[in-house]
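Take a look at the structure set out below.
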Amino acid sequence: MNMKFDSDQLFTITHEFEDYERQLGAVSPPVYLSSLHVFPSFEEYLKGSGDDDAFFYGRVSNPTARLLEKKLAAMEHGADALVFSSGMAAATSAILATCQAGDHILCMRDSYRPVHAFMANVGTPRLHIEISFVSGTDLDEVKRAIRPNTRLMILESPATFVFSVIDIKAIAALCKEYGVTTYLDNTYSTPLFQNPLDMGIDIVMHTLSKYIGGHSDLIGGALISKDADLIHKMRHGVREWLGGILGPMEAWLAIRGLRSLPARLYMHQDTAMKAARFLESHPKVKSVHYTGLPSHPQAELIKKQMRGHTGLMSFELDREPDEAVKMINALKLFGKGCSWGGFESLALCTMYTASEEAARASGVSRGLIRIHCGLEGADNLVADLAQALDSIV
Ligand SMILES: *Cc1c(COP(=O)(O)O)cnc(C)c1O
């Protein structure tokens, strides 16, 4: 299969940073449901409250959350990590930690929409941080769009509409030259299949709500960097005051999700490859957008940057958007719902409510169908796709 796992990452997931002696030999770490920690003396309390690896108050740090942070930092080859109550809490905290009034953000047009909405509702009108958009695939366009006050570049690769990929190394080097901090949403690949910090990116973001959680039962997010000072600044300059730390139960669920992440991704990719090949060969399907297909327009770049593919893809039918809606409604195993990365298969027309112009700007039609291939088995999912395609005339 077209997939490579890193042995160090597998060790980190299963055993690294676990303190078996302190947890009475339990292989599963305790959920530290405690809002505060006590010290034998006031002097020790004062010392403890200044140390990132000591614990004194649950809004600032928690032992279960800290174990997750250590594992995520190691997996992304970062110096440190921070976990948040959602992916959006992580994303907005990265913006607030790097930008201030008067600054400018460059953002990839095809990136996660709620981040654009945060800027339109809060960042620009209330905090006076400007934002402008570029494709991310054209380096000259990025260079022309950088202003003297550009502080942050927001990236996502692969982006989760048509799964276009950016040249991470090249864009990181260009931004470094202009003193622009780079932020990349690595949720699609998980730390197992792509490590943007090693390609020069300053801050990697993950939502834990997708593959890392993996069971559709938790919301959480993370930021990781090779710059320990930057993480320290985000911990005490932003997260502590916004109060968006991940809860201990969610941290424990994310650690449990990590344990089976390689095994789940193995099956997600196998299933998605079979579904993508089936769709690509179907006469009613015009195009399939999946990073695992040799027909992907950026297949060479993908091979250089990524070590595997997941269960998410999109495709277009050779007919009107309303027929796409009919097709997904005919699917029996694919639930009609947002999100992805869990055990269950999902289908949505993600561009259906967009304007024709917005869809065309992304190079697709409003009938774009995005599917997440869950763990129901390739034969079941391909059969379901086949009967739904047959049902439209
Ligand atoms: C879901 C998602 C997010 C946001 O994560 P939440 O935990 O829902 O806040 C960010 N980026 C991508 C690519 C996502 O799919």
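List of remarks:
- Matching option when the condition is more than 22 Å from ASP8 (Cβ to Cβ) and hydrophobic (A, V, I, L, M, F, W, C), among ILE224, ILE203, ILE219, ILE212: ILE219
- Verdict on ALA347 being assigned by TED's automatic domain parsing to the domain that holds LEU385, in contact with a helix residue (DSSP H, G or I) (Cβ under 6 Å, 6 or more places away or on another chain) and free of Cβ contacts under 8 Å to residues at least 40 places away in the same chain: yes
- The residues on offer are ILE255, ILE231, ILE201, ILE302, and the sole one that is in a helix (DSSP H, G or I), over 27 Å from CYS338 (Cα atoms) and modelled with pLDDT of 95 or more is ILE231.
- Residues of the stretch 33-46 classified as open to solvent by 80 Å² or more (accessible area, probe 1.4 Å) and either part of a loop (DSSP other than H, G, I, E, B) or touching a Pro at 6+ places or on another chain (Cβ under 7 Å) (or both), total: 3
- Selection count where residues are of a type in the set (D, E, K, R) and over 28 Å from HIS206 (Cβ atoms), scope the stretch 335-393: 7
- If you go through the stretch 335-360 and keep only what is part of a helix (DSSP H, G or I) and surrounded by fewer than 17 Cβ atoms within 10 Å (Cβ to Cβ), you end up with GLU356, GLU357, ALA358, ARG360.
- Failed condition for MET234, given (1) over 25 Å from CYS99 (Cα atoms); (2) open to solvent by less than 10 Å² (accessible area, probe 1.4 Å); (3) more than 16 Å from the ligand (Cβ to nearest atom); (4) not small (Gly, Ala, Ser): (1)
- Of residues in the stretch 320-334 being outside any helix (DSSP H, G or I) and out of contact with any His (no Cβ under 9 Å at 6 or more places or on another chain), the one farthest from ASP384 (Cα to Cα): GLU320
- Residue match in the stretch 187-207 (condition: in the same structural domain as ASP51 (by TED's automatic domain parsing), surrounded by fewer than 24 Cβ atoms within 10 Å (Cβ to Cβ), out of contact with any Gly (no Cβ under 9 Å at 6 or more places or on another chain) and free of Cβ contacts under 8 Å to residues at least 60 places away in the same chain): yes
- Residue match in the stretch 5-16 (condition: part of a helix (DSSP H, G or I), away from the ligand (no atom under 16 Å from the Cβ), open to solvent by 20 Å² or more (accessible area, probe 1.4 Å) and of a type in the set (A, V, I, L, M, F, W, C)): yes
- Given (1) closer than 21 Å to THR98 by Cβ; (2) modelled with pLDDT of 95 or more, number of the condition SER189 does not satisfy: (1)
The values are calculated or read from the model by the stated rules, or taken from the named source; none is laboratory data. Note that the structure is a prediction, hence the values are computed from the model and not measured. Neighbour counts run over all protein chains shown; Cβ positions are idealised from the backbone, glycine included. Side chains included, ligands, DNA and RNA excluded: accessible areas come from the protein's heavy atoms. Shrake-Rupley method; radii C 1.70, N 1.55, O 1.52, S 1.80 Å.
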